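Structure first, then comments.
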Amino acid sequence: VNLLPPFLPSNESVPAVECYQVCKKLQTVHSFKAPGPDNISPRILKEYAHVLAEPITIIFNTSLASGVVPSSWKESNIVPIPKTCKPIAEADTRPISLTSCLSKVLEDFVVSWLIEDVKEKIDPSQFGCLKGTSTTFCLLDMLHTWLSHLDGLGNHLRICFLDFSKAFDRIGYNLLIEKLINLGARRSLIPWIINFLSNRRQRVKFDGATSDWLPVNAGVPQGTKLGPILFLVMVNNLRITSPDTRMWKYVDDVSTSESLSRNCTSITQSTLNSVQLWASDNWMKLNIKKCKELRVSFLGETPQLMPLVIDGHPIETVRSHKVLGLTIQNNLKWDEHIHEIVSKASKRLHILRVLRRSGIPPADLLTVYIALIRSILEYSCEVWHNSISCYLSDKLEKIQKRALRIVYPEQTYKDALLSAGITKLETRREDL
């Protein structure tokens, strides 16, 4: 970072961590996570937390006081994970960034301090990475807003789902630091954050081979604990002021909706122009191919609206779109979403069959079912449970029946539920 605000450095005392706090954090580390380039095993840190806590505390406090992050903590191994069965291009893979486990432990403390400093100024339309928020809360707020608008006579909705190209990789450090300070982040942490962002490097690791190291000159470090909260700070001033338009943000997922009465003039194009201008001012760019429009109307005929454009290119109008894991249809029904999750869960039943043939006991099979199959059927069910038909509810229940038939092949569904200690899916959804 080359340019710093003139009121740095600060006379504020640098925050420090206590040994017991570090020990507690080390005990919560996920043992089987892959290590970063420093090859320090998370399992070692967790199992020997009581022994390692004191020297690690000294390292952490020295780093915070000096504003210097160890160079090995600023390195990342990029592991490409296939998105498809047979990836043939870079776009068919998802880059996963592996960073130092020790760095993540210290970042946990820094994140908690930053959130404490800036939480009162965080845009209420942001639902990501903050305590008390989730994708489900975001989706519930969306649906409630849409249905409330549609209750008005003649109202219809114009919804836009926006996508930024490589959002995390385009952030300029100087602008980010300026926004952090303006939001009220304690200035004693700023030198450490600047050093954390500076002189980073990464390499690709695949199939036992590694590439050369390359410098990272921009962007929020992915695979870190600090990265998401820094991105929240970056997009915090992306807002909408019109009373007829709402915006929802979940980290880098941005959606807008405009409520229109019959024969009213739409201002959604103006909203998109504002978002595009913000993106340009903040070194970011909208991915036009992934930006979609969804029109919702319960009128007898669909209103005639001018097509939306970004940078002279039209946005595709779709009948349904997946947002935050749920498929939203233009009639606000859930047929497509339920069919998708039933199909996905049905394919995973094969895992249970293979494990059953391998002699895995029922208790372990049940754990696999709950973790890998039922979780699909219940994701954000609070959003759609009260809106699905008996037919769709039965389709969901049949997946659990098939799963329990594999786990307890000689029992009826009612007896299998008792043996497993679980209830029908419909009952669970009502209780959630």
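The values are calculated or read from the model by the stated rules, or taken from the named source; none is laboratory data. Fair warning: this is a prediction, and the values are worked out from it, not measured in the lab. Methodologically, a virtual Cβ is constructed for each residue, glycine included, from the backbone with ideal geometry; neighbour enumeration extends over all protein chains shown.
Here are some notes:
- If the condition is being within 18 Å of E178 (Cα to Cα) and outside any helix (DSSP H, G or I), then the range 112-136 contributes I122, D123.
Table: residues versus (1) touching a residue at least 24 places away in the same chain (Cβ under 8 Å); (2) crowded, with 17+ Cβ neighbours inside 10 Å.
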{"site": "N331", "(1), (2)": "yes, no"}
{"site": "L365", "(1), (2)": "yes, yes"}
{"site": "A371", "(1), (2)": "no, no"}
{"site": "E382", "(1), (2)": "yes, no"}
{"site": "Q400", "(1), (2)": "yes, yes"}
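- Looking at V254, V220, just one residue is closer than 23 Å to M142 by Cβ and not polar (S, T, N, Q), and that residue is V254.
- The single condition among (1) outside any loop (DSSP other than H, G, I, E, B); (2) surrounded by fewer than 17 Cβ atoms within 10 Å (Cβ to Cβ); (3) of a type in the set (K, R); (4) in contact (Cβ under 8 Å) with a residue 24 or more places away in the chain that R43 does not meet is (4).
- Within the range 406-418, being surrounded by 15 or more Cβ atoms within 10 Å (Cβ to Cβ) and either in contact with a Ser or Thr (Cβ under 8 Å, 6 or more places away or on another chain) or of a type in the set (S, T, N, Q) (or both) holds for Y408, Q411, L417.
- For the range 225-244, the criterion of being within 23 Å of S125 (Cβ to Cβ), among the hydroxyl-bearing types (S, T, Y) and either in contact with a strand residue (DSSP E or B) (Cβ under 7 Å, 6 or more places away or on another chain) or not in a helix (DSSP H, G or I) (or both) is met by at least one residue.
- Which listed residue, of I78, I115, I96, is of a type in the set (A, V, I, L, M, F, W, C), crowded, with 18+ Cβ neighbours inside 10 Å and either over 20 Å from the mean Cα position of the chain (by Cα) or more than 13 Å from F196 (Cβ to Cβ) (or both): I78
- Taken over the range 57-104, the criterion of being more than 19 Å from Q21 (Cβ to Cβ), in a helix (DSSP H, G or I) and of a type in the set (A, V, I, L, M, F, W, C) is satisfied by A91 alone.
- Screening the range 129-150 for residues that are aliphatic (A, V, I, L, M) and either assigned by the TED database to the domain that holds Y379 or under 27 Å from S297 (Cα atoms) (or both) and picking the one that is nearest to the chain's Cα centre (by Cα) gives L139.
- When residues in the range 78-88 are screened for being more than 18 Å from D169 (Cβ to Cβ) and among the hydrophobic types (A, V, I, L, M, F, W, C), 2 of them pass.
- Residue identified as touching a Gly at 6+ places or on another chain (Cβ under 6 Å) and not hydrophobic (A, V, I, L, M, F, W, C) among R262, R239, R295, R246: R262
Residues are listed down the side, and each one gets a yes or a no for (1) outside the structural domain of L176 (by the TED database); (2) touching a residue at least 40 places away in the same chain (Cβ under 8 Å); (3) farther than 27 Å from L326 by Cα:
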site: V254; (1), (2), (3): yes, yes, no
site: I267; (1), (2), (3): yes, no, no
site: L272; (1), (2), (3): yes, yes, no
site: Q276; (1), (2), (3): yes, no, no
site: S280; (1), (2), (3): yes, no, yes
site: W283; (1), (2), (3): yes, yes, yes
site: I288; (1), (2), (3): yes, no, no
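- Residue list for the range 16-37, filter: among the hydrophobic types (A, V, I, L, M, F, W, C), surrounded by 17 or more Cβ atoms within 10 Å (Cβ to Cβ) and not in a helix (DSSP H, G or I): V17, V29
- Taken over the range 47-63, the criterion of being within 24 Å of N77 (Cα to Cα) and surrounded by 17 or more Cβ atoms within 10 Å (Cβ to Cβ) is satisfied by I56, F60, S63.
- Filter result for T145 (assigned to a helix (DSSP H, G or I) and surrounded by fewer than 18 Cβ atoms within 10 Å (Cβ to Cβ)): yes
- For the range 181-220, residues that are without any contact (Cβ under 8 Å) to a residue 60 or more places away in the chain and touching a helix residue (DSSP H, G or I) at 6+ places or on another chain (Cβ under 6 Å) total 2.
- Across the range 165-217, the qualifying residues are those that are aromatic (F, W, Y) and part of a helix (DSSP H, G or I), and the one among them that is farthest from R94 (Cα to Cα) is W192.
- Criterion violated by E258 - all others in (1) in the same structural domain as P80 (by the TED database); (2) in contact with an Asp or Glu (Cβ under 7 Å, 6 or more places away or on another chain) satisfied: (1)
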